[in-house]
Structures are given as structure tokens and as C-alpha cells.
């Protein structure tokens, strides 16, 4: 039998840094304001990029006397601004003022096409990030003695490296497998008796399918915790249920969602209670603002756009960085005892991934959430956006789950027809628009294993 | 203009740990003997694998009073013994006695087919390895301010991870790119202005060809040092010249050669004087022994088989581990001032890779050394061993260098014929047997980028 997570965690302290993690709201907000002011003064003095930006907007650090001032007056930094500045001031941009001998690590955005954005992390920031990552990895219920199989790629992408810092930081065992043949990943779980798997939600589901084909029942494996990140999937309810079905109901699923520009420090990670991601806002301050006006906050509990401010960074500080994700902040207490606020739904999706179809905003993660709740749906699907005359149409090709289909026996044809209708009804209900659904055989689509992109937009770009 | 390595290194201390690196032979051998005895006592007491082995051979630690005793009396450990013990005592073998909560990292042998051998490294060993790797990376002339592009894969293979420890340890900047598209690797050198590249010798040559196709002249790049390992290539003279031709005559080429079973600590690495690899024998003791009798040492300067003993390991100590490489030890002083002995030719080749052809031992690295010295030879080749009747034949298909061929103009046919004859003559001279040489077009063979395997043995296995 698998021990419960309570049994597993009982011998250890509950918190990594109790005074910090349980600090009351008021003193934490005071601390955040102090740090915001300190970062503003620092960049205005030493950072050519921010100096130019704030001068152009007529903003001076001493004008910011509250967090409300900060939201209302300090201009946003976008990915495009970072990219342009780096191109104009190679190699790391004028927003990066770290001396060469003080750079610990260099990473880059994926940039599979075009020029990647480079990130130069100072030695001090690298050390501080290890502490913040340790706090988050401990919060996700990883402990010394756990063998953590890290299946994020270890390459120029910073994600896996930052989590590795946390695993090392708490003294668990790191099995940094990285990108490797998927059958081998499944076999290695059995060989090393790994207890925690870290990967994208897509890859976690892909491994489940690979295991099934190998005749391996992952519900009997040594894995007790799945830590997923790099894509919204972990916060999508249907997706979580699908993971539990494949990996076992006893498995704890934790979600971690961060932004490369603010990495390697920790920003958002769930605790093992699964109440959404906690926001480590004394490390990186998160504002939820109106997508239409990034200088206007929304009230707690309302959905809005995420804007991040690193509070302790020496190298490439990000101040009011618009990450482009959609989220909602809750300050309801969590059973874990941490006073950090939460994103109950996680990071719902990149706002710039939103599809505008016949005037309706459609979030790809909402499509996924619907599909994952319906019996008979296989592991992959593709969304096609097509223009028919003046109208945009949404068409979805969904793989049928093979074991489910086999179980229908002679009624397979009727079951397929029923499934198509159910999918069309549910999608219309959840998305608010009509969707054309087609079923395809299992295995039709390539498994998405990293940064899943399942939307094919065939409309010509607007001119 | 590129600064010389002397100019570059002048502002820094010469040694990482001067008393240790310049210790005289006699006190170092005393220290080695003490450590050998301590490791023997430790494993005899606590390690079931070694206890069984030594009891079976009637060896007790207190019988070992000198390093000669050690060589003559202590039995060898082979890869097969390690593999069998791990299969019988999963997951890490009875030779691994580290408590689960004290394991920092787990790695594995490549094991592209079959079950990989797992390595469980204790926290203490991981910390100690960082210090030994730092000493070696400093010895190779890397300094703070250098940007080190690590193009070894970061996966379950331990090699790149160990070197990363050293780069971090000395405070240089690590750009841990890992396995990535080769064109992207070349572009990244330009983008980040990397000054040191770490990769296999095959991959270093592959990148040179990729750069040429991109129209990038690597001789003008920011790279001043190539650190190659994972294959014998770096110690093969012709190979070094080919690297300098592609990357610039000013580039320092350092070779590092280790054994996964004894990693992540440092064993053998060259200094920037290029006098072969220094043997860090106070970390891992190296014996060169007769390939026919692994309990008989050969005199300094004679070629023999390598046998390693880790001197400070807590986790999976290797005592008289037969790595199967061929090498020669020199105690001639080196201009760098380190008193560590040297392997002037590096690790010449895996003994088990040796081809026995018509009674003659042929080393694949010797074939490579010959080819790399001859103008007109392209970047790849393949060696075919075939049986014709009772006779084994060696046939080599060699790519022609395209720019060289174009430069021959109307004389191309004659130049090819001349090249074939020259290759056959040189190979016969260097290997001692007749070799059938055929030229093929550039690009015929896949570029070997990691753990190059260029020998195809078509003989049926002996029965």
C-alpha cells in the first residue's frame, strides 16, 4: 500500500522557513513595498534601460509611496522591449548590468526560430534562487530520501535547472535525466525507484501512454508526487484527473508556473493540498491587472493579466514585467498554513495564445479542460481555426481512446457517434461557440511532450 | 588580435591549490598509500561487495604495506562485476552502501541498449568532486570572466555534470547548452561570446564543418580554449592539428579523460601546455599494469592498461577498477609546475576496442591519427573489418575534403588517385598491415558527434 502524504511528511518539519512562509499579510505587504522601492531606486541609479524608461514616462522612484502608486504609475516592461534592448546592446541588453566575472550562469529562451533572448544570472542571484526554489520544492512535499526524476530538458532553457537547485537545496536525491527516450524514462522509474517525477503535464500523460504500451502499470510504481510545469496543464481540472487515472489516485499533483525572464527564482508553486499555486510574493511580487489597462489592478478574486516584479534581483531585474498570463488571486487561507496568496486555477493560459473567434475569446486550456473530462477521449487532439468566407470556424480532431473503443464491442459505431455529439455539446457549452468535432484513430497525432502547441490557426494574418 | 594564453592567465594565481598541486613525489606517494589503506579498511568493514571479494581472494587490508603490495595482491574490479552486483542487489548494488537520504545525485551509464549501470553519489562525494573538478578546470586555463559553453549532453550521463561542477567551482560563467541543434550551437558562440567550448572531439570537428557551411569563420570567434573529452580524440596528434586548423592556431586544446565509474571526481586532464593529461593521482590513484596480468605494474614510460582506485570516496568506492584503457605514464616535469605525472598520449584507446587483424593489434585511434595528418582527407571516415576466406581485411572509406578537391581544378582525378596511394602507404606504415582505401564524397557519412563509433566489424564472432 502507498502511504498517504500526511504519513510521509509527518517526520519532517512542515515549513522550510516558517517565519517567512507564515508571515501575516500586513507586514508582508510592508516588506514588499520596501523592496519595490529599493529595486526602483537601484535601477533608476544603475540601470540604463530603466533610467531611460522612467525618464520617458516622467516617473521617479521617490514618487512611489504605496503599492497602489506602483501599479498606477510605473510603466510596464514587455518581452518585446527586452528583446529589442538586447539586440541593441548585445550580448545581454542594457537592462543587464552584471559585470562579466560576476555572471554565474547564462541561459536562453527556446527561440527555436529566430534569435533567443539570453539571461545572464549573477552569482548572488543564483545563490538566492537556490533558497527560494528549496522553499517551494519543500512546499510541494519533496523530502530528503525522495528520488526526484527530472524529465525537463537540461539545455539552454532555464526551467529544469531552477527546479534542480531546489531539489539539491532541500537535500533530496536528484536524478537529472533530462530529455531522454520515453521508454527509457519509464524503465528508469522502475530501476531507480524514483518517488517524484518532474515534467510538463503533456509529458506526464505521454509517459502514461508509453507505459501502457510497455505493459507497465504506473499506479504500482514508486512515484508518489508529480510536479508539472512549463505549460498550463497542471492547473486544468480534467487534466489532473487524467493524470491520477494513469499514475494512481494516491499520487499528489503539484503545479509550478514561472516566467523565464524572472527565473531562476521561484514565483508560483502549489503545496501538496492542491489548492492552486501559492504566490511567493515576497520573492517576486505579482499584480493581477486589467488586460485593457496594465496600470489598473483588479480586485482579489477577479481574473486579470499577470505582472511580475522581482524584489531581490541584482542581475536583469524585472520591474512590472507583463508575462501575458491570465490568472485570479485568492487570499482565502490554505490548509497548509502558508499565508502566501494563491492562484486557484493556476496560470490559465497565455493571453497572447487566446483565440478570437467570431468575437469570442477562446482559451486553448479551456478546450483541454473540457476534453479531459469526457470518457472515450484519447491522449491527443488538434484544434484548427479556419476561415470559411467571412466566418472563422473552430474544428477539433480528437483521438479516440483505444481501450475505451474496444470495450464498446459491437456498439463501437454508435458509441463513436454518441461521443461526437457529447463533445460538440460540451464544447459549445463551455466555450460559448459552435465547434466542429471529428474523431480520429489513437496515434494519429504526434504526442506533445514539451510546450504543447495543439492549435493550428489557418486564418491569414489580419492586415 | 587574440591575446596569448600567457597574457590571459597572468592576472590570476597559477594554481588552484598550490601546496597540493606542487607536492613532491615522495610525500605524495606516502599520502596515496595512507589513503589506499584507509579505503581498504573502510570497504572491508562496511562494504559487502568488497568484503566478499577480498575474503574470496584471501586478502586482508593489513597485508597491504606498500603500493607494490597493493598492485600485486589486491584483486581487480571489472565493469562486469559491477553490473552483475547491481543486478543482484538493486537499485545501486551491494558495493554502494550510501543511505538513501545521503544520496545527492543519481546518474547512469549510457546503456542505449540493455540495462544502464546506475551511479549513486553521496552528498560528501559530490561536494568533494566540485573541489577536484575546480582544480582541473583551473589547470586547463579557465578563469572567472570566461563564458564556458558546455556542449556535452546533460542527461543521465555524468560527464557534462562533473565538468559543470568545476566551471561553477572556479567562478567562471557556465552556459550549459547541452545537446542542441549544431547550427544553434555555432550561432550561440557568436551571441554569448563564449570563450571556452567543452565537447567531444568529434563534436568540435562537426561544429567546425557546420560553421563552414554557415559561412562562419570560427578562427575569428571568441573561443580561446577547447576542452575535449569523452573520446580519445583530444590526445590524438593529427586530431589536435585539425582542430587548430578549424578553430585557429591560437586556440588552446585541453583533453580530459575520465571513467564514469569513478566520476564525478577528476582523474586526468591536461594543463594548457598541452603535454598530455596530468593524473590527479592523490584523488584517484592510477596504476599502469600489464594487460596480460593486472597484478603486475609496468615501469614508468611503458604502455599498459589503466587501473583506478578512488582515494576519498564514501559512495561506491572503486578499488583497482580496470577501466580498460591503454596509456603510458611519464614523470618528466611539466612547464606548468604541477608535479602530477602525465599521460603524454592521453588515453590512447579502450583496450576492448582494439581490432585483432591477421594477428596484429590495430587501434582505431591510430587510424584516426594517420588520416588527420594527410591533406585532402575530409571530416568523416569508416573502417570496415571483413573476412575474405580465412583472411581478415581492413577497408577504409574516407571522405574527400571538398574545398581541397575544388582547389585541384582539372587535376582532380589525378589528385584523388594520388591521395588513395598516399593513404594506403601511410596506413600500412603506421599500422603494420595492408589497408584497402576508398575515397567517397564529402557528406557520405553521418557526422559522429558523441562517443564516435567509426568501426564496423563484419566478421562473424569467433566460436
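Values quoted throughout were computed directly from the atomic coordinates according to the rules given, and no laboratory measurement underlies them. Here the structure is a predicted model, which means the values were calculated and not measured. In this analysis, Cβ positions are derived from the backbone assuming ideal geometry, glycine residues included, and neighbour counts consider all displayed protein chains.
All alpha carbon pair distances within the range A:213-343 were sorted into 10 Å bins beginning at 0; the resulting P(r) in whole percents reads 12, 37, 32, 13, 5, 0. Once Rg and the Kirkwood radius are both taken over the C-alpha atoms of the range A:195-254, their ratio Rg/Rh works out to 0.92. Projecting 7 Å from Cα along the Cα-to-Cβ direction, the label point of residue B:408 sits 6.6 nm from its equivalents in the other copies, listed shortest first. Per-residue ellipticity at 222 nm computed for the protein assembly as shown from its helices equals -10500 deg cm²/dmol, with DSSP H segments shorter than 4 residues left out and the rest contributing -39,500 (n - 2.57). Shape class of the range A:102-156 from the Cα gyration tensor (axes a ≥ b ≥ c, square roots of the eigenvalues): oblate, since a/c reaches 1.5 or more and a/b does not exceed b/c. Compactness check for the range A:80-221: Cα Rg over 2.2 N^0.38 Å is 1.24.
Distance from the B-onto-A rotation axis is smallest for the Cβ of the chain B residue given, in whole Å, as B:154, 2. Of the beta bridges in the range A:198-304, as assigned by DSSP with both residues counted there, near 50 percent are antiparallel.
Taking only alpha carbon atoms, chain B gives an Rg to Rh ratio of 0.97, where Rh is the Kirkwood radius. Could you pull out which residues in the range B:258-290 have an amide N less than 16 Å from a spot 7 Å beyond the Cα of residue B:299, following the Cα-Cβ vector? The answer is B:288-290. Spherically averaged projected area of the convex hull of Cα atoms, the range B:6-91: 9.2 nm². As a length-normalised measure over Cα pairs under 8 Å and 6 or more apart, the relative contact order of chain A settles at 13 percent. Per residue of A:90-99, other chain Cβ atoms within 10 Å of the residue Cβ number 2 on average. Residue B:290 label point (Cα plus 7 Å toward Cβ) to equivalent points in the other copies: 9.0 nm, shortest first. If both residues of a DSSP beta bridge must be in the protein assembly as shown, then about 60% of such bridges are antiparallel. Cβ crowding within 10 Å, taken as a proxy for footprinting-reagent exposure, orders A:30, A:281, B:209 from fewest neighbours to most as A:30, B:209, A:281.
Seen from all directions on average, the range B:148-295 presents a Cα convex hull projection of 9.7 nm². According to the square roots a ≥ b ≥ c of the eigenvalues of the Cα gyration tensor, what is the shape class of the range B:136-187, taking rounded for a/c under 1.5, prolate for a/b larger than b/c otherwise, and oblate for the remainder? It is oblate, given that a/c is not under 1.5 and a/b is not larger than b/c.
Expressed to the nearest 5 percent, the antiparallel share of DSSP beta bridges inside chain B is 60 percent. The order of A:256, B:200, going from fewest to most other C-beta atoms within 10 Å of their C-beta, is B:200, A:256. Note on the range B:159-243: Cα-Cα pairs beyond 17 Å make up 47% of the total pair count. Normalised by 2.2 N^0.38 Å, with N the number of residues, the alpha-carbon radius of gyration of the protein assembly as shown equals 1.02.
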